[in-house]
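Take a look at the structure set out below.
The values are calculated or read from the model by the stated rules, or taken from the named source; none is laboratory data. None of the values given here were measured: they were computed from a predicted structure. FYI the Cβ positions are ideal-geometry reconstructions off the backbone, even for glycines, and counts take in every protein chain you see.
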Amino acid sequence: MIQQLKRLFVSVCPHCGQPLQTDEATAHCVIKVCPGGHYTEESYGHLGVRVVYTDN
Ligand SMILES: [Zn+2]
């Protein structure tokens, strides 16, 4: 149960499975990126919006 919850909070790249690194974090926006550059995720917590860019 706890492991399943943890998985929700740990983002990994869907392409290579590496943990995402926090590139930028402000009061309103958190940007996480794959170390390999496959994936970028922007989270706007106050809006409840998550924008994802994938390298397809
Ligand atoms: Zn990746």
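Of the strands (runs of 3 or more DSSP E) lying entirely inside the chain, those containing at least 1 residues that are of a type in the set (S, T, N, Q) and either more than 10 Å from the chain's Cα centre (by Cα) or at pLDDT 90 or above (or both) span 21-25, 39-44, 49-54. Within the stretch 37-51, the set of residues being surrounded by fewer than 12 Cβ atoms within 10 Å (Cβ to Cβ) and closer than 13 Å to His15 by Cβ comprises just one member, Gly37.
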